[in-house]
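The values are calculated or read from the model by the stated rules, or taken from the named source; none is laboratory data. Please read these numbers as outputs of a predicted model, since none were measured by experiment. Positions of Cβ are backbone-derived with ideal geometry, glycine not excepted, and every protein chain shown enters the neighbour counts. Areas reflect the complete protein model, heavy atoms only, side chains present, ligands, DNA and RNA absent. Shrake-Rupley method; radii C 1.70, N 1.55, O 1.52, S 1.80 Å.
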Amino acid sequence: MEEIKIRDEYIKLGQALKAANLVDSGIMAKVVIQDGLVTVNGEVETRRGKKLIDGDIVSFDGETIVIKK
């Protein structure tokens, strides 16, 4: 499980996927999110702009990342 450290109160889902190197670009993030391939805290999330906060867990393609403040 990889940790993504955030400086602000939140990071958007698409940005988190890019920061964790799970996707190569914002376009790729948009596609995998809209296709329902990403979960946040165990629920499918289809909004690229979903705000992730400390403690949120994101899963995609067998990888899991946790958001830490």
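Quick look at the numbers
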| quantity | calculated |
| --- | --- |
| Spin-label pair Val44/Lys5, simplified geometry with 7 Å Cα→Cβ offset, distance in nm | 3.5 nm |
| Accessible-area composition of the chain, carbon plus sulfur, in percent [1.4 Å probe] | 44 percent |
| Beta bridges by DSSP in the chain, antiparallel share as percent, to the nearest 5 | 75 percent |
| Debye log10 I(q)/I(0) for the chain, one point scatterer per Cα, at q = 0.26 Å⁻¹ | -1.21 |
| Modelled label reach - Ile53, point 7 Å along Cα→Cβ, region 1-30 residues with backbone N closer than 14 Å | 8-12 |
| Heavy atoms of Leu37: accessible area, 1.4 Å probe, square angstrom to 10 | 100 Å² |
